[in-house]
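The values are calculated or read from the model by the stated rules, or taken from the named source; none is laboratory data. Not measured: the values here are computed from a predicted model. Every residue, glycine among them, receives a Cβ derived from its backbone with ideal geometry; neighbour counts consider all protein chains shown. For the accessible areas, the whole protein counts, side chains as well, though only heavy atoms, and no ligand, DNA or RNA atoms are used. Shrake-Rupley method; radii C 1.70, N 1.55, O 1.52, S 1.80 Å.
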Amino acid sequence: MLKDLKEHIETRLDFLNHSKILIAISGGIDSVVLTFLCKQLKLNISLAHCNFNLRGNESDTDEDFVLELAEDLDLEVFVQRFDTEAYAKDNKRSIQMAARELRYNWFEELAAQLKFDYILTAHHADDNLETFLINFTRGTGLEGLTGIPEVNGKFVRPLLSFSSADINAYAKENNIKWRDDSSNASTKYLRNKLRHEVIPILKEINPSLLNSFQSTLNNLNETALIVQESIDKFLNEAIENIDDNVVKFKISAFKNLEHPRPYLYESFKEFGFTQWDDILNLLDAETGKQVFSTTYRLIKNRDHLLLSKIESEDFNEIEILESDTKIETPLGILFFDEAEAVLDQCSNAIFIDKEKLQFPLKVRKKQEGDFFYPLGMTGKKKLSKYFKDEKFSLLDKENTWLLCSREEVVWVIGKRADNRFKVTENTNQILKIELK
C-alpha cells in the first residue's frame, strides 16, 4: 500500500510533496494508518485531534492515545476540546452535524493561523460508497452521486482510491495500533446501518463492488462535466445583469427551453432552494411572487427572476446631527459639505437650502402614507405611486432609503430630490449632500 500511495501522490497529488500538511486524526485505524504512511513518505506533517466529549472516558483515552502516538512519531500535535452537545442545542443541529461543523471550522482556523497548505482526511473508497448511498436514499441531484472530491480547497483525501480492507491489511502487516470508536458499532446512525447491514449484502452480491462503483463514479463525473458545460453556456445567455445585491435572470431564457425544470435546478441549487415546483411556477406568476431558501430569495419581477441574499436588518433609522460631515448608511456613505454654488447635479448628489432643514435629520425606510414633491414637478406624489411609475421591483423598493427633515422627505436617496428644499435666489447657505 505504501508503494501504491507513493505512486498515487506522484501522479495526482504531487503538490503534497512540497506542502505543509495537517492531518485530521481521530485515533481510529484510518487516520492512524494515514499518519504512518505520510510519515514513511517523509511528508511535512502535523496532527490535529478533536475531543468532542461525547463518550466520557473513552473520548479522553482517544486523546491520550493521539498524544502518545505524536510523541512516538516525533510529530507536532494540536488538540481541541468541544462541548458538542451544547453547540448542537444552541445551533439546532444533530450531534453528528454539530461535530462535523466544529471540526471542519477548527481545522480551517488552525490552517489559516499556522499557515498549513493542506488538511488531509482519511476518507477511503468504502466511505465514498457510503456517502453515495446516503445521498441516494435521501434524494439528490447528479452532484450528490459523484462521490467525495479528492481535492476540495485545502482538504485532500489521498486514500479515496484505497479500500477499508487495504487499510486493515496494512495496519496488521505493520503491527500498527489504533483506537476503536464504540459508536461506530451502533446502527442508530444511517452511515453505520449502511456500513454494517446494507453494504455487506451488496459485496456478497458483487465481490468487486468497489471497483464497479469506481467505474460508475468515473462515468457520472464525466457526465457531470457535460452538464456543467451546458449549464454554463445557458447561464451566459440567461443572466442579464449582476450587481452587488441582485442577479437578474431573463425568464424568456427558461421558457424557451423544452424542459426548464432541470435548468432551474442547476441554476439555483447552490442557493439552498428546495421548492422546485414553486420555482417553476414563478415563470408564469404575477410580479412580486417570491420563493425563499434559508439564505436567499427568488422574486418574479415582470420579465425577470431576481435572486438576492436575505440580509439581516442592521439599520432601522439613522439620526444625522448638524455637526455630522459623513454618515454610514446601507446604501453607502453620505457626505455633507457647504457649497458656494449649485454645480452639475446627478442622482448621487443634491444641493439644498440648509436653512430649510430641521436637525436632526433621519435616514429611514418608506412608511405608509409617505409623499414628496419631486424636484422639477408641480404638486406632490405618494411614494408608492412614484415607485410604481418608476417601475421599481420589490427589491428596488426594499433597498430604497429616504433622507428626511422631521417627517418631510428631503431626498429619495440616489433617486430624486424634493422640490421644497431646492436652492433658490433667496438661499443663504447651500448644503451639498453626496452618496458615495
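The residues of the chain expose on average 57 square angstrom of accessible surface per residue, using a 1.4 Å probe on protein heavy atoms. Give the angle, between 0 and 90 degrees and rounded to the nearest 10, that separates the Cα long axis of helix 2-12 from the longest principal axis of the Cα atoms of the chain. Around 30 degrees separate the two axes. Loop-resident GluC sites (Glu not before Pro) (DSSP state other than H, G, I, E or B) in region 59-158 with no more than 11 further Cβ atoms inside 10 Å of their Cβ: Glu76. Against the chain, whose longest principal axis comes from its Cα atoms, helix 29-40 is set at around 80 degrees. Dipole orientation for region 35-99: of the candidates Leu43, Val77, Phe65, Leu43 has the Cα lying most toward the positive pole (charges on Cβ; Lys, Arg +1; Asp, Glu -1). For the options Ile29, Ile148, Ile242, a Gaussian network treatment of the chain with springs between C-alpha atoms closer than 10 Å singles out Ile242 as fluctuating the most. Each principal axis of the Cα cloud of region 354-436 was evaluated for its coordinate range; sorted largest first, these ranges are 39, 26, 24 Å. Note on region 61-179: along the principal axes its Cα atoms extend 45, 40, 28 Å, ordered by decreasing extent.
With the whole protein complex present, Arg191 retains an accessible surface near 70 Å², based on a 1.4 Å probe. Counting every alpha-carbon pair across region 246-287, the share separated by more than 15 Å comes to 40%. For the chain, the longest principal axis of the C-alpha atoms and the axis of helix 209-238 are separated by about 10°. Note on region 366-388 and region 1-41: Cα centroid distance 67 Å, given to the nearest whole angstrom. Size descriptor for region 294-343, Kirkwood hydrodynamic radius: 14.7 Å (Cα pairs only, one decimal). Starting from the coordinates of the alpha-carbon atoms of region 105-160, obtain the Kirkwood hydrodynamic radius over all distinct pairs and give the value in Å to one decimal. This gives a value of 12.5 Å. The equivalent ellipsoid that matches the C-alpha gyration tensor of region 1-110 spans semi-axes of 28, 16, 12 angstrom, in descending order. Surface composition of the chain: carbon plus sulfur atoms contribute 46% of the solvent-accessible area (1.4 Å probe, protein chains only, all chains present).
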